[in-house]
Amino acid sequence: MAFISCGRLGTKSVLANLSRLPTLLSTAQYAQAAAGAPKLTFKKYEPPIQEHYDVKNARLSRPLSPHLTIYQPQLTSMMLTGYATVLGVGALVSPHDVSHYVTMVEGLNLSPVTLILIKAILASPFAYHFVNGLRHLYWDTAKGLSIKEVYSTGYAMLAGTLVMTLILAAL
């Protein structure tokens, strides 16, 4: 409506200029067409076919990744597996909370040596993971990565774990 009310722009009518616009656009030579660029064609979107991970790997002939069967047990990797399994299963199947068991142990009137041994058993995984975390931080500095150094830091980690376990058990 604003174009109709403004009348003329210069010597030509605004409406006359607007009526020629579609023909000008259809005959224009665009830079893409002049440069020999390929014409864009659009096709309908089709969502990707959902297939199971194993089926896709079989279709692409990908090998199955090896599992634990190819690895040799190492010094520090298998040390606490049995311990973690026993405590984990015990914590899952125990019918009471921790305070009940602490009261029960206090009621047994155990010797100080036995109490220190129980505390050492409970403190050892925490000490192991703390000291091994320090070992990994050392590795993050790109030091100690040769096989000889890995084994030496492994033995040092076990010694540090023993010292820290004894300190925590003495508390």
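The values are calculated or read from the model by the stated rules, or taken from the named source; none is laboratory data. Because the structure is predicted, anything quoted here is derived from the model rather than measured. Note that we place each Cβ from the backbone using ideal geometry, even for glycine, and neighbour counts take in every protein chain shown.
If the requirement is being modelled with pLDDT under 95, of a type in the set (Phe, Trp, Tyr) and within 30 Å of His52 (Cβ to Cβ), which of these qualifies: Tyr71, Tyr151, Tyr128, Tyr101?
Details: Tyr151 fails: within 30 Å of His52 (Cβ to Cβ); Tyr128 fails: within 30 Å of His52 (Cβ to Cβ); Tyr101 fails: within 30 Å of His52 (Cβ to Cβ).
Answer to the selection: Tyr71.
In the range 85-138, which residues are farther than 23 Å from Leu171 by Cα and assigned to a helix (DSSP H, G or I)?
Applying the first criterion (farther than 23 Å from Leu171 by Cα) to the range 85-138 yields 85-86, 88-96, 135-138.
Of everything in the range 85-138, those that are farther than 23 Å from Leu171 by Cα and assigned to a helix (DSSP H, G or I) turn out to be Thr85, Val86, Gly88, Val89, Gly90, Ala91, Leu92, Val93, Arg135, His136, Leu137, Tyr138.
Filter the range 104-118 for residues that are surrounded by fewer than 11 Cβ atoms within 10 Å (Cβ to Cβ) and of a type in the set (Val, Ile, Thr) and give the result. Please lay out each step first, then the result.
Applying the first criterion (surrounded by fewer than 11 Cβ atoms within 10 Å (Cβ to Cβ)) to the range 104-118 yields 104, 106-109, 111-113.
Val113, the sole residue that qualifies.
Scan the range 59-68 and give yes if some residue there is loosely packed, with under 10 Cβ neighbours inside 10 Å, among the basic types (Lys, Arg) and at pLDDT 75 or above, otherwise no. If you could, list the steps in order and put the result at the bottom.
Of the range 59-68, the ones loosely packed, with under 10 Cβ neighbours inside 10 Å are 59-61, 63-68.
Retained after the next criterion (residues that are among the basic types (Lys, Arg)): 59.
Narrowing further to those that are at pLDDT 75 or above: 59.
Checked the range 59-68: at least one residue is loosely packed, with under 10 Cβ neighbours inside 10 Å, among the basic types (Lys, Arg) and at pLDDT 75 or above.
Based on what the data block shows, is Ala127 among the hydrophobic types (A, V, I, L, M, F, W, C) and within 23 Å of the chain's Cα centre (by Cα)? Full working, then the answer.
Values: among the hydrophobic types (A, V, I, L, M, F, W, C): yes; within 23 Å of the chain's Cα centre (by Cα): no.
No, not satisfied.
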